[in-house]
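Report on the following structure.
Each reported figure results from applying straightforward, stated rules to the coordinates on display, with no laboratory input. For clarity, every value in this text was computed on a predicted model and none was experimentally measured. When we count neighbours, we look across all protein chains shown, and the Cβ atoms used for this are built from the backbone with ideal geometry, even at glycine.
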Amino acid sequence: MKKQIFSILVIMLLSSTVVAQEGAIPFLVGTYTQGQFRGKGIYLSEFHLADGSLKPVTLLHECAAPAFLIRHPKNSNLIYSVGETWAAGEGPIYAFLLDPQTKSLIPINNVLVPGTGPTHLCIHSDSKGDSLIVACYGGGSIVSVTLEKDGRLGKVASAIQHSGSGPNQSRQKEPHPHGAYIAPGTSQVLIPDLGIDKVMLYDLDPATSVLTPSKQPFLTMPPGSGPRHLEFDPTDASRFYVVNELDSTVSAVRKNADGTWEIKQMLSTLPQEILADSEKLAALNNTTAEIAVHPSGRFVYASNRGHNSIAVFAVDKESGQLTLIQTEPTQGRTPRHFAIVPGGRFLLAANQDSDSIVAFQIDLESGKMKPLGQSLEVGAPVCVAF
C-alpha cells in the first residue's frame, strides 16, 4: 500500500494534467454497463481542434456504471466516478489517477456510501481540506466524504436524508437528489432534488467535510418541474440556471441583495411548433437532462431526450433574460449528457441510446451550433469529462 501511495504521489508531481498531442484535447467517457447497455466502463478519446475529428475510444478501466466523472479542481489527473448501481442502501464511489505519460487509469481506492443509486459528484477544495459531495438519486440522500492529500477517498463525514414528494406520482413519490454543486467562491452546496421540486442548500465545513442545512432558505421550484442539474454563469456568480427534467424547462436564477436565490424566468427547451401541438407534445414524452453555460456567459445549452436535441438560449447580460434561439438535433437518441470543449468553440453530445458521441461547432457570435460531420462510437455514453 505504501508503495502504491508513493507511486501516486510521484505521478502527481510529474504533471498536473494529461499530456496531449498538439491540437488534441483528451477526454474521458463514462458509460452505462448493465442490462441492455453496451458500455464496459471508463473510456479515453481525443478531440482534434483542427478538423473536429474524434479518436476511437480506448477502454481504460472496466467497472459497473461509471455514469458521472469529475476531475479534482487542483489536479486534473485525479478522477472520481460514481458507480450508478442500485444495490439497496449503498453505492460505490471510485478514485483514480490518470497517468500523464501512459494515459492509463490507475485505481486508487473506492468507498461505499450510504445511499442507493449515486448519480452526481462535486468537490470543494481549499487550504482547510478537500471534500467530495455525492447526490444519491435512488435513496434520496446526500453524502459527504473526506479526500486525503494523495487523492484517496477517506471516511464518510455526513449523510443527510431528504424527505417529501411532488405531484408527478410516477416520478416524485419520494426525494431524488440529482446533482451536487458548489457556489463559486464559497462552501455552500446546492442540491437540485427532482423528487421534491427544491434546490436544497447546505453549508460545508471544509475542515471536517461535514454538511449542515443552510440557514438560508432553500429554493422552491414550480410543482412537477423536477429540477435535475444546474450550472453557474462563469462570468457572474450571482446567476445560475437550472434544467428541469419533468416539464422540459430551464430556470434562470439570480441572487437577491439579502443573499437569497430567486427564479427570474422559466422557458421551455422545446420549439414553439411542438408546444403548440398537444398531441405531438404528449407523444414526444420529452425529458431534459444536462445544462451548460458557455465560457463567455452569453449562451446556455440544455439537452432534450425525446426531441433528441440541444436547446440553445441567448443571454441578455444586462437583464439576465434568456431567449431560445435554436434546437439542434443531436443526430442520435437520448442525449443524457454533453460537454463544451475547452475554449468554447465546440460541443460534444453523448447519445446514450444510439451509442454515439457527435461533434458540433459553436458560433462564438451567435451561440448557435452546427454539426461537424464527426462522430464516435461507444456503448451507452452518459458522461463526457475533459
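Set the Förster radius R0 to 30 Å, insert the Cβ-Cβ distance between S125 and K317 as r into 1/(1 + (r/R0)^6), and round the FRET efficiency to 0.05. Before the final figure, lay out the partial values.
Details: r = 29 Å, r/R0 = 0.97.
It comes out at approximately 0.55.
Ranked highest first by average number of other Cβ atoms within 10 Å, how do 213-223, 247-257 line up? Mind showing how you got there, number by number?
On the way: 213-223: 14.8, 247-257: 18.6.
Listed from highest to lowest mean packing, they are 247-257, 213-223.
Pop the C-beta distance of E148 and E90 into the FRET formula with R0 = 25 Å and round what comes out to the nearest 0.05. Each step should come with its number before you reach the end.
Working: r = 21 Å, r/R0 = 0.84.
Calculated value: 0.75.
Given an 8 Å cut-off on Cα distances and at least 6 residues of separation, report the relative contact order of the chain as a percent. Please report the intermediate quantities before stating the final value.
Details: 1111 pairs, mean separation 43.4, N = 386.
That works out to 11 percent.
Residue by residue, what Karplus-based ³J(HN,Hα) values in Hz, rounded to whole numbers, does the stretch 178-191 have, using 6.51, -1.76 and 1.60 with θ = phi - 60° and x for Gly and Pro?
10, x, 9, 9, 9, 5, x, x, 9, 10, 7, 10, 10, 10
Evaluate the charge dipole of the stretch 2-385 about its Cα centre and quote only its size in Debye, nearest 20, assuming +1 on the Cβ of each Lys and Arg and -1 on the Cβ of each Asp and Glu.
Details: 30 positive and 35 negative charges, 129 e Å.
Charge dipole of the stretch 2-385: 620 debye, to the nearest 20.
Just order 225-236, 162-173, 368-379 by mean Cβ neighbour count inside 10 Å, highest at the front, would you? Can you show the working numbers first?
Working: 225-236: 21.8, 162-173: 14.2, 368-379: 17.3.
Put in order of decreasing packing, that is 225-236, 368-379, 162-173.
Of the listed peptides 103-112, 190-199, what is their order by residue-averaged count of other C-beta atoms within 10 Å, with the highest listed first?
Numbers: 103-112: 16.9, 190-199: 24.6.
Final packing ranking: 190-199, 103-112.
For T58 and S170, calculate 0.36 nm times their separation in residues minus their Cα-Cα distance, and state this gained length in nm to one decimal. Please list the in-between numbers first.
Values: separation 112, 0.36 × 112 = 40.32 nm, distance 3.81 nm.
Roughly 36.5 nm would be gained on extension.
Based on the alpha-carbon gyration tensor of the stretch 2-385 and its eigenvalue square roots a ≥ b ≥ c, which shape applies: rounded if a/c is under 1.5, prolate if not and a/b is larger than b/c, or oblate? Kindly include the intermediate steps, with their values, before the conclusion.
Values: a/c = 1.44, a/b = 1.13, b/c = 1.28.
Rounded, because the longest to shortest axis ratio a/c is under 1.5.
What are the ³J(HN,Hα) couplings of the stretch 163-171, residue after residue, when phi is run through the Karplus curve with 6.51, -1.76, 1.60 and θ = phi - 60°? Round to Hz, x for glycine and proline.
9, x, 7, x, x, 7, 5, 7, 10
Suppose R0 equals 51 Å. What FRET efficiency, 1/(1 + (r/R0)^6) with r the Cβ-Cβ distance, do D203 and Q272 give to the nearest 0.05?
After rounding, the FRET efficiency stands at 0.75.
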